Amino acid sequence: MLRRVLLAAAAVFGLAGATAARAQDAVTIFAAASLTDAMRALGQEWAARGNPTPRLSLAASSALARQIEQGAPADLFMSADEAWMDYVQQRNLIVNDTRSSPIGNSLVLIAPADAAQPVALTRETNLLALLGPNGRIATGDPAHVPVGRYAQAALTWMGQWAVIAPRLARADNVRAALLLVERGEAPYGIVYGTDAAASRGVRVVGTFPVGSHTPVTYPFALTRRAEGNAQARALLAFLTGPEARPTWQRFGFSIPQ
């Protein structure tokens, strides 16, 4: 009897140990908020291949980069712009030869779905007139959020940054900016095309010309702490390789040629 109890206990502890080991094998990914939906889908695809489901930490690229700098346990970093990947690379926090930019995005002007009217985004467009006396444009804070930096560049190209800057609703990340427009708290927003496509509460009313801002690219890299992590390397290869491309494209991301 005692022997059976001991064997049962050993089996339970063995199963618990295997589960813990498997959880430890799961790769921790720090990814830009605009990658939320696609990364959840890709995480499921990775798990369906018999791998541990990745742990996702989703936020503004700036916040994630600073967390990595402070020692946060990230295995992969997926930024929404090159500048924040440069930031961690300059601090020797990524494995340089694993860095690549496999996907891109567009920059769009959105409005609440029930009030959306097309806007031609040219240097002649008067955005201030569109906003009226009290309206604001929601976007990421240009001081540290990539979408806000792209928005600043596009508005500068239009010659309207100086007059629009005081009228920005500066959000902590692109999804927070999207939410402000969904709720009707801002009549317009500047977000990525993929974020707009993921929301039923907003419509794209205009797309900023490609030449109005630097290309929206997403650099991915293995962090220095995961340099010897075979599982993290395999997952990065999957996310940047041909098997993941259909999913990226399904969520509206472009694949640079």
Checklist entry - How many angstrom separate the Cα center of the stretch 51-118 from the Cα center of the stretch 140-203? => result 17
Item to check | Rounded to whole Hz, the Karplus (6.51, -1.76, 1.60) HN-Hα couplings of the stretch 117-133, x for glycine and proline | outcome: 10, x, 10, 7, 8, 10, 5, 8, 5, 9, 5, 4, 5, 5, 6, x, x
Checklist entry - Does anyone have the angle between helix 2-25 and the longest principal axis of the chain? Alpha-carbon axes, 0 to 90°, nearest 10? => result 30
Item to check | Overall dimensions of the chain as given by Cα atoms, namely Rg and Dmax in Å | outcome: 21.5, 87
Checklist outcome for this item: Whole-percent carbon and sulfur contribution to the accessible surface of the chain (1.4 Å, no ligands, DNA or RNA) stands at 54
Item to check | Qualifying trypsin sites (Lys or Arg not before Pro) in the stretch 37-77, DSSP loop, other Cβ atoms within 10 Å at most 11 | outcome: Arg49
Checklist entry - Scattering from the C-alpha atoms of the stretch 118-255 alone, worked out with Debye: what is log10 I(q)/I(0) at q = 0.15 1/Å? => result -0.80
Checklist outcome for this item: The set of residues whose placed amide H lies less than 5 Å from the amide H of Arg55, leaving out same-chain residues fewer than 5 positions away, is Val27, Thr28, Ile29
Next on the checklist: Over the chain, with a Gaussian network built from C-alpha contacts below 10 Å, which listed residue (Leu178, Leu128, Leu239) shows the highest mean-square fluctuation?
Outcome noted: Leu128
Next on the checklist: What distance in nm lies between label points placed 7 Å from Cα along the C-beta direction at Glu124 and Gln160?
Outcome noted: 1.4
Item to check | Phi-based couplings in Hz for the stretch 241-246 (Karplus 6.51, -1.76, 1.60; Gly and Pro marked x) | outcome: x, x, 5, 8, 4, x
Next on the checklist: What FRET efficiency comes out for Ile255 versus Arg66 if R0 is 25 angstrom and r is the Cβ-Cβ distance? Round to the nearest 0.05.
Outcome noted: 0.30
Next on the checklist: Which GluC sites (Glu not before Pro) in the stretch 151-257 sit in a loop by DSSP (not H, G, I, E or B) and have at most 13 other Cβ atoms within 10 Å of their own Cβ?
Outcome noted: Glu185, Glu227
Checklist entry - Each label point is 7 Å from the Cα along the Cα-to-Cβ direction; what then is the distance between the points at Ser57 and Gln44, in nm? => result 2.5
Item to check | Solvent-accessible heavy-atom area per residue, rounded to whole Å², over the chain at 1.4 Å | outcome: 47
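The values are calculated or read from the model by the stated rules, or taken from the named source; none is laboratory data. None of the values given here were measured: they were computed from a predicted structure. Every residue, glycine among them, receives a Cβ derived from its backbone with ideal geometry; neighbour counts consider all protein chains shown. SASA here: full protein model, heavy atoms, side chains in, ligands and nucleic acids out. Shrake-Rupley method; radii C 1.70, N 1.55, O 1.52, S 1.80 Å.
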